[in-house]
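These notes concern the structure reproduced below.
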Amino acid sequence: MLEIAKEAALTAGAYLRQRFSQQLFPELESHNDVKLVEDRESESRIIEVLHRHFPDHSIYSEEIGTISRGDEYLWVIDPMDGTNNFFVGHPYFSVSIALEHRGELIVGVVYNPIADQLFWAEKGKGAYLNGNPMHVSNKHELARATGSYVRGREALTREQEIKTTRDLFLHTKRLMRNYSPALDFCLLANGWLDYIVMEKPT
């Protein structure tokens, strides 16, 4: 199942890499989001691979919702995490695929098609980047820490965002806003990021 998840992520990633930097036409654009046909095309490629190998597995995907085909296995898909980055030509986006078995996560794959970084983890067997084991950062000094701020889908006010991030911006080495949380958490797992902060409205 892990190998099929990798196949699906690589297939979708190859398509997104080919489409990257092309002239794109949004299907829907708002002040903080954009919908592209490339999201749906990436999704269809992932679903085709998964259902070709596992026709009785259910799928939950960001674009189409749920395809229910049984209760034992559920694939959870984000066909393009970082759509706004993709849209403006910023090479920081990813394909994200996870597998649940009776509600328990057992496999996760994230692929950065521009950098050709394939991250994966399997329950009880560790986490890897292109076959190499990943390890979190061992930094202890806040002033040397590099982190990322992840903004949830539920909108915060600008004042709330500033309140959340001000001290980290002032007292850590760097606080970034990358707009691809799946990829951010992989960088955290590999020690390239030292922390991630995310606040949801109360």
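The values are calculated or read from the model by the stated rules, or taken from the named source; none is laboratory data. Nothing here was measured: the structure is a model prediction, and the numbers come from that model. No Cβ is skipped: glycine too gets one built from the backbone with ideal geometry, and neighbour counts run over all protein chains shown. Calculation scope for accessible area: heavy atoms of the full protein, side chains included, ligands and nucleic acids excluded. Shrake-Rupley method; radii C 1.70, N 1.55, O 1.52, S 1.80 Å.
Things worth noting here:
- Only one of L175, L193, L188, L170 that is assigned to a helix (DSSP H, G or I) and under 30 Å from S21 (Cβ atoms): L188
- Which listed residue is free of Cβ contacts under 8 Å to residues at least 24 places away in the same chain, over 17 Å from A189 (Cα atoms), hydroxyl-bearing (S, T, Y) and not in a loop (DSSP other than H, G, I, E, B), from T165, T66: T66
- The set of residues from the stretch 116-162 being modelled with pLDDT under 90, part of a loop (DSSP other than H, G, I, E, B) and within 19 Å of A189 (Cβ to Cβ) comprises just one member, H140.
- Residues in the stretch 39-60 that are at pLDDT 95 or above and open to solvent by less than 60 Å² (accessible area, probe 1.4 Å): S42, E43, S44, I46, I47, V49, L50, H51, F54, H57, S58, I59.
- Single unsatisfied condition, A127 versus (1) under 14 Å from the mean Cα position of the chain (by Cα); (2) touching a residue at least 60 places away in the same chain (Cβ under 8 Å): (1)
- Considering the stretch 101-119, and only residues there that are touching a Phe, Trp or Tyr at 6+ places or on another chain (Cβ under 7 Å) and open to solvent by 40 Å² or more (accessible area, probe 1.4 Å), the residue that is farthest from L2 (Cα to Cα) turns out to be I114.
- For L16, the requirement of being of a type in the set (A, V, I, L, M), open to solvent by less than 50 Å² (accessible area, probe 1.4 Å) and within 30 Å of M176 (Cα to Cα) is met.
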